[in-house]
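Written out below as structure tokens is the structure these notes cover.
The values are calculated or read from the model by the stated rules, or taken from the named source; none is laboratory data. Keep in mind the model is a prediction, meaning the values are calculated, not measured. Using ideal geometry, Cβ is built from the backbone for each residue, glycine included, and neighbour counts are taken over all protein chains shown.
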Amino acid sequence: MVRPLSLLPLLLAALMVPALADVPPLSGAALDRAVSGRRIYLATPLGGEFPMNYYADGRLDARGEASGLGRFLKPEDSGRWWVNGAKLCQKWTSWYEGRTFCFVLRPLDAKTLAWERDDGLSGLARIGDERP
């Protein structure tokens, strides 16, 4: 069963960003290199970031180490991620009832990504320097 509060940081991160049609999305090997073995931080609208770990072997987890509001809610889940062409796909074990979602990622600079989920939600993320 999904706990509604456990999804709050992810839902809050779904702020709309301006249309970025002129910025080409990452795809294939470049997309894989951008996230594989990295910690990616989703920006949250109430301040802070929500970290997610993308392991090189395709595992994915988030342990509620977020700053801002996320540190109080302490959500946690794990799942799988993979690249499908120009999309980063992921499937959590319990969040979103285990549904698969895919994202287009567009680099805004060397460490900042704009993302758009296949259902239209969008936001910003930062590629961390540390490895999970």
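Worth a mention:
- The C-beta contact set for the stretch 118-130 (first residue free of Cβ contacts under 8 Å to residues at least 12 places away in the same chain and farther than 20 Å from residue 30 by Cα, second residue part of a strand (DSSP E or B) and of a type in the set (Val, Ile, Thr), distance under 6 angstrom, 6+ apart or interchain) is empty.
- Among residues of the stretch 14-30 being touching a strand residue (DSSP E or B) at 6+ places or on another chain (Cβ under 6 Å) and more than 19 Å from residue 119 (Cβ to Cβ), the one that is modelled with the lowest pLDDT is 23.
- Filtering the stretch 73-117 to residues that are touching a residue at least 60 places away in the same chain (Cβ under 8 Å) and of a type in the set (S, T, N, Q) leaves only 94.
- Counted residues, the stretch 48-96 - those being loosely packed, with under 14 Cβ neighbours inside 10 Å and either in a strand (DSSP E or B) or modelled with pLDDT of 90 or more (or both): 7
- Where residue 11 falls short, out of the listed (1) more than 19 Å from residue 108 (Cα to Cα); (2) surrounded by fewer than 17 Cβ atoms within 10 Å (Cβ to Cβ); (3) modelled with pLDDT of 85 or more: (3)
- Residue match in the stretch 31-47 (condition: modelled with pLDDT of 95 or more and part of a loop (DSSP other than H, G, I, E, B)): yes
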